[in-house]
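Any read-out appearing in this document is the output of simple, stated calculations on the displayed coordinates, not a laboratory observation. A quick note: this is a predicted structure, and the numbers were derived from the prediction, not measured. Positions of Cβ are backbone-derived with ideal geometry, glycine not excepted, and every protein chain shown enters the neighbour counts.
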Amino acid sequence: MNIKVLFYFIFVTIKKERSKYLSLFLISTILIFILSSFMFVVDASKKDINILIQNQPSLIVKQIKSGKVIDIDEDIQDQFLSIHGVLNSNCRVYGRYYYEPAEEYFNIIGVDFFSKQNQKYLKKLINTIDLDKFLAKPYMIVGSGVKKFLDYYQYKGYYSFRPSNRSIIKLYIYSTFQKDLNIVSSDTIIMDISYARQILDIKNNKCSDISLDIENLTEQTTILDKIKAKYWDMLLISKQDISKYYTNFFSYKSSLFFLLYFLSFITFILILYQRYSLINSMEKKQIAIFRILGWSILDILKLKIIENIIVFFSAFILGVNLAYFYIFVLNAPILQNIFFGFLNLSTDIHFVPTVDMLSIFSIFLFFIIPLISIVLYPIWKIAITSPTEALKY
Amino acid sequence: MMVNSYINILLSPNTFILLLSDFILLFLQFSVLYIVIQIIFKWNFNLHTSFSYKLENRSYFAMLIIYFTTIIKLLLYPYFIYTLDTLSSIIPGAMCGAGVISANIYGEKLLIFKTIILFLGGIWIVVNNLDIKQKHTYFMINKSKIYLVLFFFYIVEFMYEVLFFTHLSTASIVTCCSAIYSTNATNALPFGINLKILLILFYFSAILIFWANIKQKYKISFFCSLFFFYIAYYAVIYFFGPYIYDLPTHHCPFCMLQKDYYFIGYFIFGSLFLAVFYAILNFILNITIDKTIKKYYFLSNIFLVIFILITSFYIFFH
Amino acid sequence: MITIQNLNKLILKDINLNIKDNTLVVVKGVSGSGKSTLLSLIGTFLKPQSGSIKINNEDIIKFNDIYLARYRAKHIGFVFQDFNLFENLNLYENLLASILPLGDDFTQADTKIDIALKKINIFHKKYQQISLLSGGEKQRVAIARAIINNPDILLFDEPTASLDKKNSYQFIDILENLKKDGKTIVISTHDILFDNLSFIDQTIGIDDGKLIY
């Protein structure tokens, strides 16, 4: 058979029998839309996280005591700096501040604005602020989630922290973070390190952890081994460890969703099988006529399978495009909450368009293999219709 | 926590899709097994009984299922490689698919079985295509027998696949490719040979296959190409690999499949597979259906030349 | 040449028959006598329980389904009693369905379709929906579909059963022209219109599955 003529004929028959395929097309589109939306959110989030992680220091060192993380001595930085290959170190002061009435947490990051930063986003942030103005008054920079929260609770441009020593520290809002790092930063507050120490009750010679910059990343393992050998009471976290943590997190959420989605998908498959198994006499006669005209069983199989592939493939294209529009243009209302409900505060997440062709191919495989598999038997049943069916009046 | 680390692997979307697809394909194959066995023992096209006509109709179902499952299996092979690559981002220690495949004792065997299935599946498709062009169904029983062999491999492969993925964990650290394919083992090369001899064998067997294809000597082509497949695997990893990666210590068959190296690995292994496949095809056709096709000698040579050119390009021009 | 030997299928018993090339054969018999079964066997879409059917010395029973289907598309045209056209397609698309098995491209297909429609004098309704055609026009389309691949053999099953007298006579004219084109034609009918036609070469009678004359 000539492929062009065959496809023309198939498109004509689909067009003429569109009511037959409409329900199939719509349900397929919806299922693909749901799955693709989910995949787009996962991919966009992963990309966002990856950008964030790239901006992280090469190594983070935490002090462990009795299995718990405690504050680490600031002075130990000198010993780390003496290790060949360690370029730079930073004392990081950060923690969570619990606001009991609303049962919400703020993430607080204290920054020594006069020391060298090894996190790119902090470097970028410092470049955007007028340091003289910022340090002249007790200022803080807040994430968009924090801003929304403070506005909601009528804090007009400031907030009074109540640390554990029962004092009050009032800080004013200098500005709000940029939107592109919203997934992790929307509930964060950045302030001068001295205020952070007071609010989080971290002594002056202590840090939450120490971040190290390594010049040559291929030496990371060696440096890690050196630190581990001497400081076995320290917990060492590399960039790759953080990356794997988040990948696993998204993998877990994906897996859960997948399982639930799969159950509804099975239902659809069974309905499809039912529908295809009901061959009416009209259809039998049509196939019988084809057989008499010189179509072999193989030709009929080709016709029917290609018809179905075209319908499913069209549904796939439409579903993926709708998902793209829903996630990257409409910003995924409802789905956002399913994914990022773990965050403390409301977020104003904006997904950066990310299209991973291999993810889309995965969706295609997941969808098309079970669908075509289920219709093969009914299609064969139709194809072996005896030509003499056409002679029955 | 431990259980979670296994579940993370099994329910990661790519693994889930792969296992689900292979399960569906195996189920389909089981559904036609009885028909295939009936064909082998009871097929007689000259009989005009209703059983004979029914069997003919059922044979179309069987061949349809086998054709569909074989084509999908071919597509799933590169998808399997891609899955290994994505898993390397959540399995500690793994930098590419090599670390994942070596994470347990089932990985390498799984890869070997999948490769064998590629070859056998391709042979079945060729025999089937030849069969449907005939006036009479000459090759129905032969291709059914080929399918039985293929089916056996399908079962073993699926078992290994399940074992492989259920024994992967995000909590256990695996070895990365630089350790697995370290050249400290020149005893990594087969028969204790060195790189010089490996290269001589590589180019010599390639020339021999080329000559055998031109002279249409399918037996020489068959045995030589199997040997060449074995030698080429080592040559790509231990000789050509460092040129591809521009790093003398980098010997990994998986890293070259990644975006960083423009997916060149797919072209290298793809052309190698096709060269060997078409070289062995005429021998297999001759013993199963007593036929040889000139076109396949030509195709084998084309892909052989492509393979040699790509691998050698990195030595001379990169 | 169609040679049937010791054919048995359903109601048909021990049928032996020779039909020469370029002949018009009428098969007569009451309903249920086996006329349609005989036509189906000659048309290759039914296989016998025993016996042989040879067309131009080729034993068609031994062909596999794919080869048989191509053979049928190339060498045999069939016109049904109720035409059996695809009502939801137009004329052009109905004829295309006959051309597809032989692998012609659009240019070849268009040429064939135009020739067939002009021969049957219905070219002006090329893109007309089938459901809007009259009975006589539908029959002409069915004939066009049957002759489009220039087959050697044409089979008609009760061709005038659904037609009025005028269209029946028109059909007879078309039949005569087809015979002049060198076709081998087999018609199963119990219409008395075919009793005294001069261009009929052979009349066969079937009763209860057996040839009676």
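Between B:TRP43, B:ILE117, B:ALA94, the Cα set farthest toward the positive side of the dipole of region B:2-166 (charges on each charged residue's Cβ, about the Cα centre) is that of B:TRP43. Could you tell me how far the Cα centroid of region A:265-300 sits from the Cα centroid of region B:209-260, in Å? Taking the Cα centre of each part, region B:209-260 and region A:265-300 sit 47 Å apart. Among A:371-383, B:130-142, sorting by the average number of other beta carbon atoms lying within 10 angstrom of each residue, highest first, gives A:371-383, B:130-142.
For region B:68-190, the fraction of C-alpha pairs more than 24 angstrom apart is 42%. Among the trypsin sites (Lys or Arg not before Pro) in region B:52-100, none is located in a DSSP loop while being surrounded by at most 11 other Cβ atoms within 10 Å of its own Cβ.
What the Cβ-Cβ distance of B:ILE207 and B:LEU118 gives, at R0 = 25 Å and to the nearest 0.05, is a FRET efficiency of 0.50. Among the GluC sites (Glu not before Pro) in region A:185-286, those located in a DSSP loop and surrounded by at most 15 other Cβ atoms within 10 Å of their own Cβ are A:GLU215.
For chain B, the convex hull spanned by the alpha carbon atoms encloses 136 Å³ per residue. For region A:72-207, the Cβ-based charge dipole about the Cα centre amounts to some 320 debye (Lys, Arg positive; Asp, Glu negative; other atoms uncharged).
Taking all Cα pairs closer than 8 Å and separated by 6 or more residues, the relative contact order of chain B comes to 17 percent. Candidates A:VAL111, B:ILE9, A:TRP232 compared by Cα position along the dipole of the protein assembly as shown: farthest toward the positive end lies B:ILE9, with charges placed on Cβ.
Cα centroid separation, region C:1-18 to region C:123-141: 36 Å.
Amide H contacts for A:TYR158 (H built 1.01 Å from N in the peptide plane; partners 5 or more residues away or on another chain; cut-off under 5 Å): A:ILE173. In order along region B:307-316, the Karplus-derived 3J(HN,Hα) couplings, from 6.51 cos²θ - 1.76 cosθ + 1.60 at θ = phi - 60°, round to 4, 5, 5, 5, 5, 6, 3, 5, 6, 8 Hz, and Gly and Pro are given as x.
Could you work out the Kirkwood radius for region A:1-110, taking every pair of different alpha carbons, averaging 1/r and inverting it, reported in Å?
For region A:1-110, inverting the mean 1/r across all distinct Cα pairs yields 21.1 Å.
Principal-axis analysis of the Cα atoms of chain B puts helix B:195-214 at an angle of about 30° to the longest axis. Relative contact order of region B:2-166, taken over Cα pairs closer than 8 Å and 6 or more residues apart, is 30 percent.
Inside 10 Å of the C-beta atoms of A:355-361, what's the mean count of C-beta atoms belonging to other chains? Before the final figure, lay out each step's value.
Working: counts 0, 0, 0, 7, 3, 0, 5.
For this peptide, the per-residue mean of nearby foreign Cβ atoms is 2.
So, R0 is 25 Å and r is the distance between the beta-carbons of C:ASN196 and C:GLU58; what FRET efficiency does that work out to, to 0.05? Efficiency computed from Cβ-Cβ geometry: 0.10. Distant-in-sequence amide contacts of A:ILE108, defined by a placed amide H-H separation under 5 Å and a gap of 5 or more residues or a different chain, comprise A:GLY95, A:ARG96, A:TYR97, A:ILE189.
Given a cut-off of 22 Å, name the pairs among C:LYS119/C:LYS180; C:LYS47/C:LYS180; B:LYS54/B:LYS145; A:LYS302/B:LYS294; A:LYS285/C:LYS179; B:LYS114/B:LYS295 whose C-alpha atoms lie farther apart than that in the structure shown. Cα-Cα > 22 Å for C:LYS47/C:LYS180; A:LYS302/B:LYS294; A:LYS285/C:LYS179; B:LYS114/B:LYS295; rest within. Normalised radius of gyration (Cα atoms, divided by 2.2 N^0.38 Å) for region A:72-207: 1.09.
Placing dummy labels 7 Å off each Cα toward the beta-carbon, the span from A:SER115 to A:SER164 is 2.2 nm. Using R₀ = 22 Å, calculate the FRET efficiency as 1/(1 + (r/R₀)^6) where r is the Cβ-Cβ separation of B:LEU33 and B:ILE125; round to 0.05. With R0 = 22 Å, the Cβ-Cβ based efficiency is 0.70. I need the Debye-formula profile for region C:58-102: one equal scatterer per C-alpha, no solvent, reported as log10 I(q)/I(0) at q = 0.23, 0.25, 0.34 1/Å, two decimals. Calculated log10 I(q)/I(0) at the listed q: -0.90, -0.97, -1.19.
Starting from the Cα gyration tensor of region B:181-316, take the square roots of the eigenvalues, sort them a ≥ b ≥ c, and report rounded, prolate or oblate (rounded when a/c is under 1.5, otherwise prolate if a/b is larger than b/c, else oblate). Verdict is prolate for region B:181-316. Taken along its principal axes, the alpha carbon cloud of the protein assembly as shown reaches lengths of 122, 74, 45 Å, longest axis first. Helices meeting the span-like rule in chain A (full DSSP H runs, Cα extent of at least 30 Å along the helix axis, mean Kyte-Doolittle score of 0.5 or higher): A:18-54, A:297-328, A:357-383.
Computed across region B:136-246, the Kirkwood radius stands at 17.9 Å (inverse of mean 1/r, all Cα pairs).
About the centre of its Cα atoms, chain C shows a dipole size close to 140 debye [charges on the beta carbon of Lys, Arg (+1) and Asp, Glu (-1) only; nearest 20 debye].
Annotation: amide H-H contacts under 5 Å for C:GLY77 (H modelled 1.01 Å from N, sequence separation of 5 or more, or interchain): C:ILE153, C:LEU154, C:LEU155. Based on C-alpha pairs under 8 angstrom that are at least 6 apart in sequence, region A:72-207 has a relative contact order of 33 percent.
What separates the Cα centres of region B:94-167 and region C:22-85 is a distance of 43 Å. The aspartates and glutamates within cross-link reach of C:LYS54, meaning a Cα-to-Cα straight distance under 15 Å and a gap of 8 or more places when in the same chain, are C:ASP21, C:ASP152. Shown here for region A:119-169: chymotrypsin sites (Phe, Trp or Tyr not before Pro) in loop regions (DSSP other than H, G, I, E, B) with at most 15 other Cβ atoms within 10 Å, namely A:TYR153, A:TYR155.
Only the Cβ atoms of Lys and Arg (+1) and of Asp and Glu (-1) were treated as charged; on that basis the dipole of the protein assembly as shown about its Cα centre amounts to roughly 1380 debye. Per residue, the Cα convex hull of chain A amounts to 202 Å³. For region B:276-289, putting each phi into the Karplus relation 6.51 cos²θ - 1.76 cosθ + 1.60 with θ = phi - 60° gives couplings of 5, 4, 5, 5, 7, 4, 5, 5, 5, 5, 5, 7, 8, 10 Hz, in residue order, rounded to whole numbers and with x for Gly and Pro.
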